[in-house]
Amino acid sequence: MNEQFGKFVRMKREERGINLRKLAELLEIAPAYMSDIEKARRYPPDKEKLYKIAEILHFTNEETNTMFDLAALAKDNTVSPDLTEYIMDHEPVRIALRKARDLDIDDEEWMKVIEILERREQEMKKQ
């Protein structure tokens, strides 16, 4: 199991000055369970608890995305829990991802796709 998720959550929790017991209380889980998560003895919690962690620790969007990615990496062959529903609800996304996989799209090509999406995002902000 990848240890980075637990290390990330612990680091952010400590930065925010929240002790493990308080975080566990707010998440409505046992402190021992939270400790096991931070020490990579247990897998990261479900999506709802991950969102709750982000809320309690006042994560930025970037921190939240990092946390979700680390949660997925802690489990083999999983997708970040914040993306699975979106992927499964949108057939074109699944088609695009499979085409990218089959074509072995590299990071440079993916960056071009991201640039297109970022331009779209900027256009939407102007409206």
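Here are the numbers for the structure shown:
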| item | result |
| --- | --- |
| Helical segments meeting 30 Å axial Cα length and Kyte-Doolittle 1.0 threshold in the chain (DSSP H) | none |
| Distance histogram for the chain (every C-alpha pair counted, 5 angstrom bins, percent rounded to whole numbers) | 2, 10, 16, 19, 17, 12, 11, 8, 5, 1 |
| Over 31 Å (Cα to Cα) - which of Lys49/Lys126; Lys12/Lys126; Lys47/Lys125; Lys22/Lys75; Lys39/Lys112; Lys12/Lys75 fall in this group | Lys49/Lys126; Lys12/Lys126; Lys39/Lys112 |
| Cα centroid of region 1-19 to Cα centroid of region 85-103, whole Å | 32 |
| Theoretical ellipticity at 222 nm over the chain - DSSP helices of four or more residues, -39500 (n - 2.57) apiece, nearest 500 | -22000 deg cm²/dmol |
| Residue with peak Gaussian network fluctuation, the chain [Cα springs, cutoff 10 Å], from Lys22, Lys112, Lys47 | Lys112 |
| Cβ-placed point charges (K, R +1; D, E -1), dipole of region 64-104 about Cα centre in debye, nearest 20 | 120 |
| Options Asn19, Ile116, Asn77, ranked by Cα towards positive dipole end of region 1-119, top entry (Cβ charges) | Asn19 |
| Surface per residue (accessible, 1.4 Å probe) for the chain, Å² | 73 |
| Percentage relative contact order, the chain, counting C-alpha pairs under 8 Å, at least six apart | 22 |
| FRET efficiency for Met88 and Tyr43, using Cβ-Cβ distance with R0 set to 22 Å, rounded to 0.05 | 0.60 |
| Dipole moment magnitude, nearest 20 debye, the chain about Cα centre, only Lys, Arg, Asp, Glu C-beta charged | 520 |
| Protein accessible area in region 1-113, 1.4 Å probe - carbon and sulfur % | 49 |
| Mean Cβ count within 10 Å, highest first, over the residues of peptides 50-58, 28-36, 84-92, 117-125 | 50-58, 28-36, 84-92, 117-125 |
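The values are calculated or read from the model by the stated rules, or taken from the named source; none is laboratory data. Just so you know, these numbers come straight off a predicted model, no measurement behind them. Reconstructed Cβ throughout: ideal geometry from the backbone, glycine too, with neighbour counts over all protein chains shown. Heads up: the accessible areas ignore ligands, DNA and RNA and are worked out on the full protein's heavy atoms, side chains in. Shrake-Rupley method; radii C 1.70, N 1.55, O 1.52, S 1.80 Å.
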